[in-house]
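Some notes on the structure that comes next.
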Amino acid sequence: MSSPSSSSDDDNSVRIQDHTSPSSSTSEATEQTTETIKDVARDIVEASSSIRELILTLHHIGAMEEIGRATRAIRDTANEINDTVKNLNERGTIKDTADAVEETAIATQDTIHTLKVATREVAETAPTTLKTLKEVSNKVRSKITKKSLH
């Protein structure tokens, strides 16, 4: 292991020593950081002052009371909605509604399946049915024609 005064590239203590010694770039970075912090602090003071003025103006025109009433109304409405949902959940209404929707979906699928089967059967039997209807129609016409001739 090399001593701290060694200049070997593998010696971490030399690098640490180099970084801790004052240099112009470190001092410039520190100054820059300090200025940035001061700027941020000034911005915070200005923003705080602006907010204070806004609050005083809102108080003066009576808006703070209105904002307070609106906030309470929003809170109360949110609480009522929450209570209603809890009540519906406790009574099982939400579950019952979800179950009814699921049952309706299943029944609809069954109905669609039944209609498809019925449509297919009608399409398959239509030619035979049409032929039978024509034969019956012809027989009825011939009987009517025979009776009208007699």
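The values are calculated or read from the model by the stated rules, or taken from the named source; none is laboratory data. No experiment lies behind these values; they were computed from the predicted model shown. Cβ sites come from the backbone with ideal geometry, for glycine too, and all protein chains shown count toward neighbours. These area figures cover heavy atoms from the full protein model, side chains too; ligands, DNA and RNA do not enter into them. Shrake-Rupley method; radii C 1.70, N 1.55, O 1.52, S 1.80 Å.
Considering only the range 114-135, state which residues are of a type outside the set (Asp, Glu) and open to solvent by 80 Å² or more (accessible area, probe 1.4 Å).
Result: THR114, LEU115, LYS116, THR119, ARG120, VAL122, PRO127, THR128, LEU130, LYS131, LEU133, LYS134.
Of all residues in the range 64-100, count the ones that are under 30 Å from GLU53 (Cα atoms) and among the basic types (Lys, Arg).
Qualifying residue count for the region: 3.
Could you count how many residues in the range 93-107 are among the hydroxyl-bearing types (Ser, Thr, Tyr) and within 24 Å of ASP83 (Cα to Cα)?
Of the residues in the range 93-107, 2 are among the hydroxyl-bearing types (Ser, Thr, Tyr) and within 24 Å of ASP83 (Cα to Cα).
Here are ILE44, ILE94, ILE74, ILE81: which of them is surrounded by 10 or more Cβ atoms within 10 Å (Cβ to Cβ), more than 26 Å from the chain's Cα centre (by Cα) and free of Cβ contacts under 8 Å to residues at least 12 places away in the same chain?
Exactly one residue qualifies, and that residue is ILE44.
For the range 97-109, what are the residues that are open to solvent by less than 90 Å² (accessible area, probe 1.4 Å) and among the charged types (D, E, K, R)?
ASP99
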